[in-house]
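Working notes, beginning with the structure itself.
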Amino acid sequence: MSLTIANSIDDVLTALAAGARPIAGGTDLVVGARQGKSPLPDSLVAIDRVAALSEIESVDSQVRIGAGVTHSRLMSDPLIIESYTGLADAAALIGSPSTRNVGTIGGNVMNGSPAMDTGAPLVTLGAVVELRSVGNTRQVALSDLWTGPGRTSANPDELCVYIVIPQAPTSSGSAYVRLEYRRAMEIAVVGAAASVVLAEDGTIASGRVAMTSVAPTIAELVGASEAMTGMTPAEAVTVIASMASDQAVPISDSRGSDRYRRHTIGVMAARALDAATRRATGETIGVPVNRSLGIGAAR
C-alpha cells in the first residue's frame with residue numbers, strides 16, 4: 001500500500017486521478033476493512049492536512065462546510081448551532097468522542113450509508129455537495145448523490161470538497177432525533193430530521209422531513225411541506241408521524257424488525273418536528289435533542 005500526504009486540494013486531485021482513494025479520519029474505511037466488507041485500497045491520499053477542507057464560512061448567502069470538518073467541531077461551532085441546529089444534533093450523536101474528533105462530514109456523506117446521522121438533517125436543510133476533479137467542479141443534490149447503500153454517483157477521481165447549505169431563513173428551526181439503545185458507538189436504528197419555517201401567526205409556512213435507516217438511502221418524506229403548510233405545529237406533528245410510517249420501507253435485521261422500524265420512525269419524525277418548531281419560535285433546546293429532552297438510552 002502507498003500513502004500520499006496531501007497539503008493542498010490540487011495535491012489530492014492529482015493523487016485521485018492516479019487511482020488513489022482519499023482518507024481523513026478513516027473511521028469508515030478502517031472499520032470496513034476489519035469487518036471484511038472491503039479491502040484497503042492499494043493507494044491512499046491523506047487529506048486531513050489540507051487547510052481549505054477544514055473551514056466553515058459564509059459565502060454569498062450560503063454556508064460552506066469543508067469536507068474535512070470533524071463532527072466534534074460541527075456539534076460545537078456557533079454558526080452551526082445557531083442556524084443549522086439539526087446538523088449539530090446529528091454530529092453530537094456519532095460514535096464516541098474519539099470518533100467525533102477524527103471523523104469528518106465529508107467522509108460521512110460520501111460513505112453513502114442509509115444509517116448516517118448527518119444525512120437526514122443535511123437533506124432537510126437543502127444541502128448540496130461540491131465535487132471536484134482535475135479540470136472540473138460540479139454541485140450535486142444529495143438525492144442525486146446517494147444511489148444505494150454505500151454507493152454514490154461520484155466518479156472515482158472526484159473529491160467532495162464542500163457541503164453547501166443555503167442561508168437559514170428567519171423564524172426557522174431544525175432538529176435531528178435518533179432512536180438509540182445505548183449512548184455511544186451506536187448505529188441509528190431509525191432517525192428523523194425536520195426543518196421548518198414559521199409564518200407570523202405561528203403556523204408552518206414550509207418544512208421538510210427526512211428519515212434515516214428506513215430505506216436504501218436517506219429518504220426525504222414526500223409531500224411533507226405541502227401537508228404541513230398552514231397547520232399549527234401540533235396538527236403537523238400528528239400528520240407527519242403518520243406519513244413517515246406510511247412511506248418507510250425498512251428492512252428487518254438483528255437490531256429491529258421492519259414493523260418495529262415503521263412504527264418508531266413515525267415517533268422519531270414527530271419528535272424531530274416538534275423540536276424544530278419549538279426552536280423556530282426561539283425556544284432553546286440544547287444539542288443534541290436526544291440528551292436535552294431525554295430521548296433514547298438513559299446511559
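The values are calculated or read from the model by the stated rules, or taken from the named source; none is laboratory data. As the structure is a prediction and not an experimental result, all values here were calculated from the model. With ideal geometry, Cβ positions are generated from the backbone for all residues, glycine too; neighbour counts draw on all protein chains shown.
List of remarks:
- Test: ILE218 is in contact with a Leu (Cβ under 6 Å, 6 or more places away or on another chain) and among the hydrophobic types (A, V, I, L, M, F, W, C): no
- The residue list GLU180, GLU158, GLU220 contains one member that is of a type in the set (D, E, K, R) and either under 17 Å from ARG279 (Cα atoms) or in the same structural domain as SER96 (by TED's automatic domain parsing) (or both), which is GLU158.
- Within segment 143-153, not a single residue is closer than 19 Å to ILE56 by Cβ and buried (at least 24 other Cβ atoms within 10 Å of the Cβ).
- Any hit, segment 185-197, residues being among the charged types (D, E, K, R), modelled with pLDDT of 95 or more and closer than 23 Å to GLY256 by Cβ: no
- For segment 154-177, a residue qualifies if it is farther than 24 Å from ARG208 by Cα and either among the aliphatic types (A, V, I, L, M) or surrounded by 17 or more Cβ atoms within 10 Å (Cβ to Cβ) (or both), and the qualifying residues are ALA154, ASP157, GLU158, LEU159, CYS160, VAL161.
- If you go through segment 1-30 and pick out every residue that is acidic (Asp, Glu) and buried (at least 18 other Cβ atoms within 10 Å of the Cβ), you end up with 1.
- Restricting segment 103-118 to residues that are among the hydrophobic types (A, V, I, L, M, F, W, C) and closer than 17 Å to TYR181 by Cα leaves a set whose member that is surrounded by the most Cβ atoms within 10 Å (Cβ to Cβ) is MET116.
- Of all residues in segment 205-227, those satisfying the criterion of being among the β-branched types (Val, Ile, Thr) and assigned to a loop (DSSP other than H, G, I, E, B) are VAL214, THR217, ILE218, VAL222.
- Segment 241-261, residues that are more than 16 Å from THR217 (Cα to Cα) and of a type in the set (Asp, Glu): ASP246, ASP253
- Considering ARG261, ARG278, ARG271, the condition of being over 20 Å from the mean Cα position of the chain (by Cα) and in a helix (DSSP H, G or I) is satisfied by ARG278 alone.
- Of the residues making up segment 89-102, those that are among the small types (Gly, Ala, Ser), touching a residue at least 60 places away in the same chain (Cβ under 8 Å) and surrounded by fewer than 24 Cβ atoms within 10 Å (Cβ to Cβ) are ALA92, GLY95, SER96.
- Between GLY191, GLY230, GLY202, the distinction of being outside any loop (DSSP other than H, G, I, E, B) and not assigned by TED's automatic domain parsing to the domain that holds SER83 belongs to GLY191 only.
- Screening the candidates LEU44, LEU29, LEU53, LEU40 for the property of being in the same structural domain as SER113 (by TED's automatic domain parsing) and either at negative phi or modelled with pLDDT of 95 or more (or both) yields one hit, LEU53.
- Listed by first and then second residue, the pairs with beta-carbon distance under 7 Å, at least 6 apart or on different chains, first residue in segment 37-51 and under 15 Å from VAL102 (Cβ atoms), second in a helix (DSSP H, G or I) and modelled with pLDDT under 90, form an empty list.
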